[in-house]
1. If A:Met167 meets every condition in (1) within 16 Å of ligand 2 (Cβ to nearest atom); (2) modelled with pLDDT of 90 or more; (3) among the aliphatic types (A, V, I, L, M) apart from one, which number is that one?
2. Quick check on the range A:124-142: of everything there that is more than 13 Å from every other protein chain (Cβ to nearest Cβ) and under 26 Å from A:Asp190 (Cα atoms), which residue is surrounded by the most Cβ atoms within 10 Å (Cβ to Cβ)?
3. Filter the range A:12-71 down to the residues that are among the polar types (S, T, N, Q), assigned to a helix (DSSP H, G or I) and more than 16 Å from ligand 2 (Cβ to nearest atom) and list them by number.
4. Say whether the condition of being modelled with pLDDT under 95, away from ligand 1 (no atom under 16 Å from the Cβ) and at positive phi is met by at least one residue in the range B:181-193.
5. Are any residues in the range A:113-123 among the hydrophobic types (A, V, I, L, M, F, W, C), within 7 Å of chain B (Cβ to nearest Cβ) and touching a residue at least 40 places away in the same chain (Cβ under 8 Å), and if so, which ones?
6. Checking the conditions here, which among A:Val311, A:Val212, A:Val256 is touching a Cys at 6+ places or on another chain (Cβ under 7 Å) and modelled with pLDDT of 90 or more?
7. Please work out which residue is nearest to ligand 1 (Cβ to nearest atom), limiting yourself to the range A:43-69 and to residues that are modelled with pLDDT of 95 or more and more than 22 Å from A:Ile201 (Cβ to Cβ).
Amino acid sequence: MNPIEIENITKKYRVREKGFNWKKNLKQLLKIEKQDYLTALNKVSFSVKKGEIFGILGPNGAGKTTLIKILAGLLLPEEGKAAINNYDLIKDREKIRTSVNILMSGGWIIFDYKLSIYNNLKFWGVAEGLRLGEVKERIEEVLKIVGLHEKKDDFPENLSAGLRQKMNLARCLLSDRPVYLLDEPTSNIDPYSAEFIRKFIKEMKKNGKTVVLATHNLWEAEMLCDKIAILNRGNILALDETKAIKERIGKEILTVELEKITPGLIRGISSFGFVEKIVEEKNILKIYGNIKRNMPTLIDTCRKYTNITGVDMKESSLNDVFLQLITEKEKTMVMK
Amino acid sequence: MKHALSFMEKLGVMWVYLGRRARLWFRFKISFVFSFIAMFVTIAIFYFINVFVGEIPEYGNYFTFVLIGLAINQYMQTTLNTYLGTMHNMYWSNWLEIILTSPMRLKTFFSSVMTWTYLYATMNVAFYFVIGIFVFGAKFTFPATAWIVIPILILLIISLSGIGLISASMFMLANAKGDIEPIGWGVATLSGLVAGVYFPPKYLPAPVQLISKILPQTYAIDAIRRILLNNESISSPSIQLTIIYLIVFSIILLPLGMFMFNAGIRKAEKEGTLARWM
Ligand SMILES: Nc1ncnc2c1ncn2[C@@H]1O[C@H](COP(=O)(O)OP(=O)(O)OP(=O)(O)O)[C@@H](O)[C@H]1O
Ligand SMILES: [Mg+2]
């Protein structure tokens, strides 16, 4: 069985008002008045294979953290089934908690700024079950891995955000668990440290670890993930292999700036089999499809109808897919 | 991948936790100098009050009477406040989630925290007695039967732990996210007035005495004073009654406290409020 299997997970949060409203609370308790709920996850299902990096992409408030917490056994969903490392989400969630490693973007707030890096980690080491005799060696080992071993007697208050995140990563590494749940591990971090963490994630995959990576850095997801789920307002909009998701709207995009756009031109271009989609914006045409090989044909066709004032071609990125999916969704929401 | 710790590993956690707290404590040298000065001043205040009060019926010298009250109060306040205070710290620093995902789990963590706070309280109590006896000349005879004080104190701590846990559960159940909550605060504040820490409860108006008769600490404080000041022993019926009363209190309050605390954690798991920031 796969290390992560979830099915129809739905999570609703109570919408809390500011302050304490006795009347309202009492009414809700007596079921006279209905609770207001916010659906943070709506029937989410997927599975992650061993050794895979699974990306969860979505804008702020999409439900990424909610999903990560459910996978860690720290948050109970209202509906759905899940098994993490073969443990049942409800019955065995204590075992789930100790079989996954969770790393959060600001997770270093657990460290005490008045204690050295070493002394901070020592407690979390023994909490993992390291014996007093082996904890020092293990801490030095993980600090070497993240490149902090020379700073082991420094205090975390003197560390930059990037180094603090590395310290947090070191804490994670004190225990050896098969699944890593990473919630925006590179946000607020300089490019150099972020690159280090990304390399590290690749390393985890090599070592056979299963990784779930929540991020809104599309480029990062594109580079690291084998599979991607795009999440918005608690709904999965797309779920596929990274390559397939990227190709969803065509491999390449040709942007042509023209003097004017005529219906004949559009008809002409869309008649080609290699064109998958055309988007028209004022005097700009965006042509999606298998463009590279057929560029001369396309340019010639355009010239037949009008003058070209600018051309640009690029491979479609996750960014394009993401923006398109999210805005499509927004549009349908407006129409409703 | 470990799911639980062995007994020796739990002891290891406790040991490292105590070391960590001691290290933090020593880093604030000034603050612990100040806290000792404050204790010294408190004892001095009662020493001078004693000059006016002198003897009180049944118990003798007021200064020795109140020293015992202050000492027990240390353990009481610690027990009533630490669970809630720890919840508060764990919530704001995201410790709770990380502890839940470690094989150490909450029980071992709380045991470590409580061990530290009782060691700290014991150090304060020792300081009270050293100052009281050697600086201000308090006289204690410490009879041979004085050992019964220890089981009484332990029973008192167990029954108040129930209230401490109920207080901590309010952090989640009633969403009391400050470091004060009405139940624990009420009991801690009231016991200063009615439980006989500073004066015998019999001077209180009759209706207020009723409250003092409900609280387990009233009985424990009185019994400990009888043992230390009046040489009473385990054969005395009032001491035996106190012990029975404390056992009954513990049997009711401790499981209730644990039940409510667990219900609180479960509520937080549903609401997603185990941690503040993430
Ligand atoms: N404990 C909570 N109680 C009530 N609502 C919550 C709680 N936690 C999250 N929410 C709401 O649920 C929705 C999803 O939140 P979540 O934190 O999972 O999003 P996210 O994708 O991680 O966003 P971000 O990119 O900002 O981290 C948001 O609308 C958020 O306001
Ligand atoms: Mg988030």
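The values are calculated or read from the model by the stated rules, or taken from the named source; none is laboratory data. Owing to the predicted nature of the structure, the values given are computational and were not obtained by experimental measurement. Every residue, glycine among them, receives a Cβ derived from its backbone with ideal geometry; neighbour counts consider all protein chains shown.
1. Evaluating A:Met167 over (1) within 16 Å of ligand 2 (Cβ to nearest atom); (2) modelled with pLDDT of 90 or more; (3) among the aliphatic types (A, V, I, L, M) leaves (1) as the failure.
2. A:Val142
3. Just the residues of the range A:12-71 that are among the polar types (S, T, N, Q), to begin with: A:21, A:25, A:28, A:35, A:39, A:42, A:45, A:47, A:60, A:65-66.
If we keep only those that are assigned to a helix (DSSP H, G or I) too, we end up with A:25, A:28, A:65-66.
Within the range A:12-71, A:Asn25, A:Gln28 meet the criteria.
4. No; the residues of the range B:181-193 include none that is modelled with pLDDT under 95, away from ligand 1 (no atom under 16 Å from the Cβ) and at positive phi.
5. We begin by selecting, within the range A:113-123, every residue among the hydrophobic types (A, V, I, L, M, F, W, C); these are A:115, A:117, A:121, A:123.
Adding the requirement that they be within 7 Å of chain B (Cβ to nearest Cβ) leaves A:115, A:123.
Result: A:Leu115, single match.
6. Details: A:Val311 fails: touching a Cys at 6+ places or on another chain (Cβ under 7 Å); A:Val212 fails: touching a Cys at 6+ places or on another chain (Cβ under 7 Å).
Only one candidate passes the filter, namely A:Val256.
7. Out of the qualifying residues, it is A:Val44.
Here is a yes/no grid of residues against (1) within 16 Å of ligand 1 (Cβ to nearest atom); (2) more than 14 Å from chain B (Cβ to nearest Cβ):
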residue: A:His149; (1), (2): no, yes
residue: A:Glu157; (1), (2): no, no
residue: A:Arg171; (1), (2): no, no
residue: A:Leu182; (1), (2): yes, no
residue: A:Pro185; (1), (2): yes, no
residue: A:Asn188; (1), (2): yes, no
residue: A:Phe196; (1), (2): no, yes
residue: A:Lys209; (1), (2): no, no
residue: A:Leu218; (1), (2): yes, yes
